[in-house]
Every structure is written in structure tokens, then in C-alpha cells.
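The values are calculated or read from the model by the stated rules, or taken from the named source; none is laboratory data. On a predicted model such as this, the values are computed, not experimentally measured, just so you know. Cβ atoms come from the backbone with ideal geometry, glycine included; neighbour counts cover every protein chain shown. Surface accessibility is based on the protein's heavy atoms, side chains included, excluding ligands, DNA and RNA. Shrake-Rupley method; radii C 1.70, N 1.55, O 1.52, S 1.80 Å.
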Amino acid sequence: MRDILEGLNPQQREAVEYRGQALLIVAGAGSGKTSVLTRRIAHLLQHKEVWPSQILAITFTNKAAGEMRERVKHMLGEGADGIWLKTFHSACVMILRRESERLGHDPNFTIYDSGDSRAILKRLIKEFGADLHKLSPGGVASAISNAKNELIGADDFARNIDQSDPAQRAIAEIFTAYQQELRKNNAFDFDDLIGETVHLFRAFPEVAAQYQRKFRQILVDEYQDTNHAQYALIRELTKPLPIEFSEIDPRTGEVLPPASLTVVGDSDQSIYAFRGANIRNIIEFEKDFPGAKVVLLEQNYRSTNNILKAANAVISNNFDRPAKNLWSAKGDGDKIVGYTGYSGHDEAQFIADEIDKLHREGFNYSEMAVFYRTNAQTRALEEIFIRSALPYRVIGGTKFYERQEIKDAFAYLVAISNVKDDLAVRRILNVPKRGIGDATETQLAKFAEEHSISVRESLSHVTAMRFGPKITGAITELGFLLDELEALSRTDTVDAVLRAALDRSGYREALRASRDPQDEARLENLDELVQVAKEFQRNNPEGKLADFLNEVALVAAADDIVDESGTVSLMTLHTAKGLEFDVVFLTGIEEGLLPHKMSFIQPGGMAEERRLFYVGITRARKKLHISLALARSMFGDTEPSTPSRYLQEVPPELIEWRDSGAKRSEYRASIADNQGFRQVDRPKTEWKGAISSVRNNVDMVLEKGDLVEHADFGRGKVVNVTGEGPRATAEINFGSAGVKRLLVRVAPIEKL
């Protein structure tokens, strides 16, 4: 007994020991919720109040479930065997395997993942001719998933759509056909697993009663992230038994009460509305379960008090939340470091320098992380990190130059620049969709090989291949487009050529018209690529398309840097949920980024964006950095940025501000009136941090004592060199600019 309760604070102990029908544990960030949840399970078992098989504990990830299982097993050993410690989906799979015949399914049903579902939807879209409505498999999958998470079936969906919208009608038809396909294949998709279990319980009350009697203690982690279907599942398992299925509790002689429910969560960390999570589930818990006990966990075991004071001040501006004030016994700790850069590259350079400095002070790279609101922000960070020889990895995402839309855009540029590059032309033949299929592509390639010409050159001979008029017209139009863009590349700027390729090809319009929510992010990434081209042209007025492609290739193909102290983690704020690091950098804290521009028009969007900021702040254990830029390259243009309204909510005495020479009065004025920074004149080196400054220094050999000239930092002296060839890195003392660690092959340096 003493072991299970040892080390708990009074509130944690209360949560572990409470007995009642409903318990809400409001667990602030870093307050030890996993420990409380696992000890509550162990406490119930050690008191022999339930058998292990009578406990259902639900988490959102297999990793979290595995961690809880190991903790309980560590405390109780084999006494923990038999607990249903599962994710929502895995618990429902076990129930459906046992009961699926009641629903007309074989118990050996298949579970289709997102790839399987999209493959079916892609075929159905083609069969229904729905590609005419710009429907994509991802967009239709999202619409169907959203409906299923609200327990809306295909028939109800069809009844409630706007009948005047042909795209909506097409989705309804595809939804019905998709469900028929699943049933024909004896399959469920992931959303079905929960929805069908709820349907099972509602259609067969005797089955529901069986599981209501089985599970006497139900515990749910991250309750603020539950959607309507998950909420409904919990309600079905915890409602009173119908009189005809009730039984007598042998210990009390009374009718067996409903299962006891314990939920753990924090409304301040509800950031997944876009996935269907409903914050109402936790906010209205006491209404749903009258008489519920609420235990508040406010002591934070992760962060210092300065970090927590900032988090508390920010989140207190959300008015639809229970009062909560995180505190720590760790002391105040360091102040938050704020940085005001001139540009995104300037901001990235500051972050790289700080990481390098902290690494020299003893922090491992693996203990540091950089968070951002949108994936498009990684481009500047990746380029600076590569040139600074900092090992990094993009978590939960793809490196900028490896993303599909970026590769597609470059394929257009390569096809324009190099008429002999068959790979690039074949990639864009049907991107965006032109009705050019695999068989047509194969025939074009065969014709090119037989006549010793390139695939692009074969486009002008399409009439000789005797395709149908539709395909002939599509191929001819593509050939004309590439010829026009090639002519444009001889007279216009690289960014103008890229814009023309994206617009005239219809690529940008296809993404804009798509109903796939991910395509909005792809548009942002393409706009960021246009900015890359503009920066190149600004620094290389005479540079041509081939020069641009060469320079980008140096960054895109840079060797991975490996360091024994791990890698710096780069991730979105959404991905950061549930993680923690000694050192955290929150970047791009500007209007339009955080809060994101889309939140301006979404009900509750601003409050959710504030919760996202709060989540980012509370990931830091020891050091927190907040940064923004005077001007941000977004959506293809460089414009003055406006500081995020959330910055005004952080007490100024908690932040130690740094900048790159920006007038402090301008900064303070913009914070006060939220009008944004005035355009500040920048020296000619402003864009030296951009991709255009990358050099091909593969053959450069540096030794200790050599003198070099850097485009940004000026003259410096080499103090150490490690690695060889493409992996060679140099530590260079630039005097007042400090010691920098640079990857020689791509650093903007010249040996003197």
C-alpha cells in the first residue's frame, strides 16, 4: 500500500483513493497524470475491489497503453494480467470479433487502413465521374470520416446534404458505394470500428448489458481529445443496466450499479478539433455525470515557474475553461528568451546559433526541439541547420524538398530546363490529372526509345501514335505548355517561370479546388518554394533556371549529419503534444501563423490556437525561446509581419528580448497596438542566409588555423575540423560573431 501511494501529492493521492461513480481528474500539463492513472488501477486491484478483467483502461495510442501496462506490471507483477488496457480501436476490435456475426459480418473481417480506403475511393471517384467535381480520395475520405465520427451513416449523410451541390451529391453516392464495398469485402475501416460497436450496443441491448456487467471500472486518458463516437461508446458502457438485464451485487444485495468512470484530461490542451475532437465532452462532464467528483492537479513536475507563469497568463484569456493555475517546486529558473529577427532566415540563424551554444554548454541535441505552426516554416530552418552542420530530423512530417508537391514543382522546372530528362517529364504527364494513364505513358516512352528521342520530344509527335482525340489533345497541350515555359525561362526570372508553371499547368488550381484538407498546406509549401526562387533571383540577378536547380540540389541532397548526442527535433505544435524537452524554441509567433489565418473564420478557432500556444510553452523543461520576424516570406511574398496577439498576454517581466538590430521602440509599439512592424531597411547581407548563398565547397579542404570569409559573419579563423569530404565540418571563430560550426560543402565561405 505504501509503495503505491508513496511520493504522491495530496491531490494525486485523492484521485487515486476516491471511490464513486464518476471522477474527473483535471490534469494540467506535466502534473503526473500517467502516474495517477496507473496507480489508481494498481490501488483498485490491490484492494481487491475488482478483478483485472473487470478494468477497461483506454488511451489514444499504443505507445501510451504500453507504457501504462508496464507501470502497472512493475507495481503488481502478474497481478495485473488480464486488464483491458487498450486504445479505443483495439478495444472495439476485440468486441466486434466476438459479436460481429450479429451485424452480418464474419469474425475474420479485415481492417482497412487509410491507404486501403483511399485506394477504394480513388476507384469509385473514377467510376462515378466525380473527378469532374475536383474530388480527391483524401478529400472524400475526410468527409466520410467526419460523418462516421459523428455517427452519421451513408443514408443520413445523403439526406442532409445540399442537393443543389453536385459535388456533395457525388460524395453521398460514393459514401454509399464505399460502404457496400466494405461489406462485400467483409471489412471495416478504422472509423467503423468505433461506430459499429456503438451501433452493436444500441441495436442489441443484451450485448451492451453483457459488457456493462463485465467492466466495473472504466478509465479514459486524454478525455479532451474524444470525438462524438468515442463519447457515445463510453456512455453506452456506463449507463444504468435495463431492469431486465440487471443483476444483484453479492456484496451489497442491491442492484448492480453502472460501471465507475474515471476520465483524465485537460481542456486547456484540447487542440484536435480538426480531427473531430469535441472539447464539450470534458467541459460538460459534470452535467453528463451528476455528482461527479473533480480533482484538480496543478503541481507541475516538468517546467520551471517562469515558464508556467507565462503559460498560465496566456491560457487565462480563454474564458470557457475551469480555473487552473500550474506551479512548480523547481524554482523560477531562467527567463524566457525572446528574439525579433528581420526575416525567417534571420530567425533560423538565431535558433541555430543558440542550439550550437547550448550544445557546447552540455545540452544534447536530442534534448532540444523547434516547434512551428505550419510545415512550410521548416524550409528556412532546414537550410540554416544544414549549413550550420546541426543534426536534425523532422518529426511527423517530410523534409521540405522531399514533399510530393515540391518534387512535382521541381519536375516541371527540370522538364523545362532539360529536354532530355525523361524522369521529370514522366512524373508530370498526369500531374495535375489530364487523363493520361499508365498505358499512354508506356507508349510514349516506347515511341521515344524507338526513335532515339526524349519523352518530352515525343510529345510533339503524338499524332503518329494514334491515341484518341481526348488523350491526343491533352498531350499536345502539355507539349505546348513546356515549350512556352522554356521560352519564358530565357527571358524572365526564375520565380516568374515557377509561378507560370504552377498556374498554367492547373496544378495550383487543382489544389485550391480540392476538398482534401491537406491540400491547403501543400499550397502554402508551393508559395514558400516561389519565395525560394525570389530569394535566389534577388541575390543572383543574372542567374538562370539551371543555376537555381543546381543550388537547390545542394541543399536537398545534403548528407545527413550524425552526432553522438542525437538530433534536434523539428515538429509542428500539434505533433509536440505529449512530448517534453529541456530546451524548446517556439517560432513564428505572428498573426496569420499563430493564430493561424484559418482560425480567424472558424468558431472557437482563436481559443484553440491559444491552447496550441499553451501546449507549446508547457513542453519546455528548463529553457524556452519565443521568436518572430519583422518580415516573413509567406504565400510567395515578403511582407511585414504582425506580432501575435498572444505575445501581449505574456507578462513582459518574464521575457528577456533579443533582436538583430531592430529598433526596440518599433517592437514595443507593435506589441502595444498590434499594428505590425514598419518595414526596416536591411543591409545588403539581409538575404545572405537564403538558399542563394549556398556554395559547392565539396573540394575545399580546411585545416586548423586557416582564414576564411563568410557572407554573413565576415572574416574568421578555423579552430577545429572534423569529418572528411562531404561530411567535413569546421568550427570557425568569427570574433564578435562567436564560434560557428559549419558544414563546409554548403557553407557560404571562401578560403583566404
Nitroxide proxy distance, nm - points 7 Å out along Cα→Cβ at L5 and A464: 9.0 nm
Extended-chain gain in nm, criterion 0.36 nm per residue less alpha-carbon gap, W327 and L752: 147.6 nm
Per-pair calculated FRET efficiency, R0 = 25 Å: F600 and E639 via Cβ, rounded to 0.05: 0.90
The chain: angle of helix 378-387 to the longest principal axis, Cα-based, in degrees nearest 10: 60 degrees
Residue-span extension gain [H451 to D81] - 0.36 nm each, minus C-alpha spacing: 126.2 nm
Crossing angle, helix 469-491 versus the chain [Cα axis fit, 0-90 degrees, rounded to tens]: 60 degrees
Accessible area (Å², per residue) of the stretch 214-289, counting only protein heavy atoms and a probe of 1.4 Å: 40 Å²
Prolate/oblate/rounded label for the stretch 281-341 (Cα gyration tensor, a/c 1.5): oblate
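Using DSSP to call loops (not H, G, I, E or B), can you name the GluC sites (Glu not before Pro) in the stretch 350-444 whose Cβ has at most 15 other Cβ atoms within 10 angstrom?
Working: sites: E354, E361, E367, E382, E383, E402, E405, E441; in loops: E361.
Passing sites in the stretch 350-444 are E361.
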In Å, descending, principal axis extents of the Cα set of the stretch 373-478: 54, 27, 19
E286/I111 FRET efficiency (R0 41 Å; Cβ-Cβ; nearest 0.05): 0.70
Eligible lysines near K122 by straight Cα distance, threshold 24 Å, same-chain separation 8 or greater: K134, K148, K184, K407, K433, K470
Residue-wise HN-Hα coupling along the stretch 334-350, computed from phi with Karplus coefficients 6.51, -1.76, 1.60 (Hz; x: Gly, Pro): 5, 5, 5, 9, x, 9, 10, x, 6, 8, x, 5, 4, 4, 5, 5, 4
Backbone N under 17 Å from the F734 label point (7 Å along Cα→Cβ), restricted to the stretch 382-426: 382-390
Computed FRET value (nearest 0.05) for N317 with E150, which takes r as the C-beta separation and R₀ as 22 Å: 0.15
Length added when fully stretched, D582-I248, from 0.36 nm per residue minus Cα-Cα: 114.9 nm
Label selected from (1) 43, 35, 27; (2) 49, 38, 22; (3) 67, 28, 22, the criterion being semi-axes √(5λ) of the Cα gyration tensor in Å as computed here: (2)
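Given Cα positions, please report Rg to Rh for the stretch 331-396, the hydrodynamic radius being the Kirkwood one. Could you put the intermediate results ahead of the total?
Details: Rg = 12.4 Å, Rh = 12.9 Å.
Reported Rg/Rh (Cα atoms, Kirkwood Rh): 0.96.
Hey, any idea what % of the stretch 368-503's accessible area is carbon plus sulfur with a 1.4 Å probe? Mind dumping the intermediate values first?
Details: 2880 of 5790 Å².
With neighbouring chains kept in place, the figure for the stretch 368-503 is 50 percent.
For the stretch 135-198, what % of the accessible area comes from carbon and sulfur atoms, probe 1.4 Å?
Working: 1200 of 2610 Å².
Its accessible area is 46 percent carbon and sulfur atoms.
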Angle in degrees between helix 33-46 and the longest Cα principal axis of the chain, rounded to the nearest 10: 30 degrees
Peptides ranked, highest mean first, by Cβ atoms within 10 Å: ranges 99-112, 221-234, 593-606: 221-234, 593-606, 99-112
Gyration tensor (alpha-carbon) shape descriptor, the stretch 106-162, a/c threshold 1.5: oblate
Partner aspartates and glutamates for K751 [C-alpha distance under 20 Å; skip if fewer than 8 residues away on the same chain]: E551, D699, E703, D706, E709, D712, E724, E731
Paired Rg and Dmax values of the stretch 252-300, which use every Cα atom, in angstrom: 14.5, 47
Dimensions (Å) - the stretch 580-650, Cα atoms, principal axes, largest first: 35, 28, 20
The chain, relative contact order [Cα under 8 Å, separation at least 6], %: 15 percent
Computed helical MRE - 222 nm, the chain, DSSP H runs ≥ 4 contributing -39500 (n - 2.57), nearest 500: -13500 deg cm²/dmol
Alpha-carbon Debye profile of the stretch 49-146, log10 I(q)/I(0) at 0.10 Å⁻¹: -0.47
Principal axis dimensions, largest first and in whole angstrom, of the stretch 110-208 by Cα: 47, 28, 19
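Mind listing which trypsin sites (Lys or Arg not before Pro) in the stretch 440-534 are in a DSSP loop and have 10 or fewer other Cβ atoms within 10 Å?
Working: sites: K446, R456, R466, K470, R490, R499, R504, R508, R512, R515, R522, K534; in loops: R466, R515.
Counting only loop positions with at most 10 other Cβ atoms within 10 Å, the trypsin sites (Lys or Arg not before Pro) in the stretch 440-534 are R466.
Roughly how many Å² is the accessible area per residue of the stretch 52-185, as a whole number, for a 1.4 Å probe? It would help to have the intermediate numbers written out before the result.
On the way: 6860 Å² over 134 residues.
So the stretch 52-185 comes to 51 Å² accessible per residue, rounded to a whole number.
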Karplus 3J(HN,Hα) series, Hz, for the stretch 155-164 with 6.51 cos²θ - 1.76 cosθ + 1.60 (x for Gly, Pro): 5, 5, 4, 5, 6, 9, 7, 7, 5, 7
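Indicate, rounded to the nearest 5 percent, the antiparallel portion of the DSSP beta bridges found entirely in the chain.
Values: 24 of 78 bridges.
In the chain, DSSP labels about 30 percent of beta bridges as antiparallel.
Quantify, in whole percent, the carbon and sulfur part of the accessible surface of the stretch 209-263 (1.4 Å probe; protein heavy atoms only).
Details: 1160 of 2180 Å².
In the stretch 209-263, the share of accessible area belonging to carbon and sulfur is 53 percent.
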